[in-house]
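The values are calculated or read from the model by the stated rules, or taken from the named source; none is laboratory data. Predicted model only: the values in this text are computed from it and were never measured. For neighbour counting, all protein chains shown are included, and Cβ atoms are generated from backbone atoms with ideal geometry for every residue, glycine included. Accessible surface is based on the protein model in full, side chains and every heavy atom, while ligands, DNA and RNA are left aside. Shrake-Rupley method; radii C 1.70, N 1.55, O 1.52, S 1.80 Å.
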Amino acid sequence: MKFPGQRKSKHYFPVNSRDPLLAQLTQQPQPFSTYICGIDQTLVDIEAKVEDELLERYGLPKGNSTLINDEQAHNLYHELKSNEMISDEFAGGTIGNTVHNYSILADDRSVLFGVMSQHIMVGSYAYRYLCNTSSKVDLNFLQPVDGPIGRCFTLVSDCGERTFAISKGCMDKLTPEYIDKEVVQGSSALVLTAYLMRASDGDGITDAAMTAINYAKEADVPVVLTLGTRFLIQEDPQWWQNFIREHVTILAMNEDEGEALTGFKDPLLASEVALEWCDMVLTTAGAIGLYTAGYTDDNEKRETSHTLLPGAIPEFNRYEFSRPKLQADCDTPIKVYAHIAPYMGGPELIRNTNGAGDGALSALLHDLSANTFHKTNIPGSSKHKRDGLCYSSFSQLCKYANRVAYEVLAQHSPRLSRGLPEREDSLEESYWER
């Protein structure tokens, strides 16, 4: 387990960096490893630049996410391929991206539940998926299916607007029997996407997701939900509010999804409202940056040394040096907020924003899992005199999530190909010490 982000004070992290003389005098237990698990619709992303005329011809509402059948997918792929319009093909899926990035950042195991074609040919969609997934992601729990995995066409218009056409294949055929109770209850977090809740009749992935949620809640494992698209949420925001209130610990969303869920366009206000239903919120807001929001105990709040920021909630970042806690663990819970502008102002050129939110969430999950890892291996550390949901403060979480999101944007792929550099370039080194 790598340290989440960069800092001078690491509280004996990694856990084996202790006094070697002390290690000889006392029996040292074997380090206990931690992991996260997630459920996803296994699919391959196919990206192409298109004219609006093509969208109209295939009946795809611009900027929306639309399901298409296998025949439409075949025709669309053939047209894009024959006209050399495809710019990239890579493994996708919100949770697949997130657990892959987590394993790259933490250099540690994660577990993915989903489906996989049992007959795989070189060059097929399933083959591409496996080739582009980190070897640290445990795929041994995937359910074999007789058919293709999903395909998600990301069609980018001249104005930069992204339109999604999704061919499901067998990606929603996951059944509850393939959710391993022991794996879920032994994890640091269970990660889900809102897309899992809209399965058609005859598809089992919604039942599988609810089975995993119930397993997680039995063992007090945090349930993390990332909202897929504003169009899905705005169909029935009240249903989603009730679902989050009943099942979710940490919510991840962008500003559009936040508005669809809460009715507030301001990402800070949307985050505040969402805290009425869950314990922590991560909100990415494009060029504005990102926000974290959550709870800490009034007796444990730590005031920031940074400039107090104006906003819909005046001086909202006053206690951003506090660590997140579950609301139920607080004697006197108070809401805490933090914000950070895009790292280095954002990449010079952004070809698209696909995967930036997944990258930010993977950083938060790394920090959460690092807290479990450190607490289990060094329970006597001063870090754990007070129980926290994450290892770091709201402010540090913002920094780390922001830095990872930048890396995803800069490389133009939703999946990291390598971890963050051990040392930043000299001009960027001060970022971690602010």
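Computed values, structure above
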| item | result |
| --- | --- |
| Residue in the range 23-46 that is modelled with pLDDT of 85 or more, open to solvent by less than 50 Å² (accessible area, probe 1.4 Å), within 18 Å of residue 139 (Cβ to Cβ) and among the small types (Gly, Ala, Ser) present | yes |
| Residue in the range 274-292 that is of a type in the set (D, E, K, R) and open to solvent by 60 Å² or more (accessible area, probe 1.4 Å) present | yes |
| Tally of residues being free of Cβ contacts under 8 Å to residues at least 12 places away in the same chain and assigned to a loop (DSSP other than H, G, I, E, B) across the range 30-58 | 1 |
| Test result for residue 314, out of contact with any Lys or Arg (no Cβ under 8 Å at 6 or more places or on another chain), in a loop (DSSP other than H, G, I, E, B) and at pLDDT 90 or above | yes |
| Search result, residues across the range 59-101 that are in a helix (DSSP H, G or I), open to solvent by 10 Å² or more (accessible area, probe 1.4 Å) and among the polar types (S, T, N, Q) | 72, 75, 82, 94 |
| Qualifying residue in the range 329-341 (condition: over 27 Å from residue 93 (Cα atoms), open to solvent by 50 Å² or more (accessible area, probe 1.4 Å) and of a type in the set (Asp, Glu)) | yes |
| Residue in the range 360-369 that is over 18 Å from the mean Cα position of the chain (by Cα), within 20 Å of residue 101 (Cβ to Cβ) and not aliphatic (A, V, I, L, M) present | no |
| Residues located in the range 254-273, provided they are open to solvent by 10 Å² or more (accessible area, probe 1.4 Å) and touching a residue at least 60 places away in the same chain (Cβ under 8 Å) | 254, 272 |
| Residue 154 vs. criteria polar (S, T, N, Q), within 30 Å of residue 369 (Cα to Cα) and either out of contact with any Pro (no Cβ under 8 Å at 6 or more places or on another chain) or open to solvent by 70 Å² or more (accessible area, probe 1.4 Å) (or both) | no |
| Per-region count, the range 183-238, residues open to solvent by less than 50 Å² (accessible area, probe 1.4 Å), assigned to a loop (DSSP other than H, G, I, E, B) and of a type outside the set (S, T, N, Q) | 10 |
| Tally, over the range 239-253, of residues that are crowded, with 16+ Cβ neighbours inside 10 Å and part of a helix (DSSP H, G or I) | 5 |
| Test result for residue 270, small (Gly, Ala, Ser), in a helix (DSSP H, G or I) and closer than 30 Å to residue 70 by Cα | no |
| Those residues of the range 102-115 which are outside any helix (DSSP H, G or I) and open to solvent by 10 Å² or more (accessible area, probe 1.4 Å), in sequence order | 107, 108, 109 |
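A quick yes/no check of all residues on (1) more than 20 Å from residue 342 (Cβ to Cβ); (2) open to solvent by less than 30 Å² (accessible area, probe 1.4 Å); (3) among the aromatic types (Phe, Trp, Tyr); (4) touching a residue at least 12 places away in the same chain (Cβ under 8 Å):
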| site | (1), (2), (3), (4) |
| --- | --- |
| 375 | yes, no, no, no |
| 382 | yes, no, no, yes |
| 390 | yes, yes, no, yes |
| 408 | no, yes, no, yes |
| 414 | no, yes, no, yes |
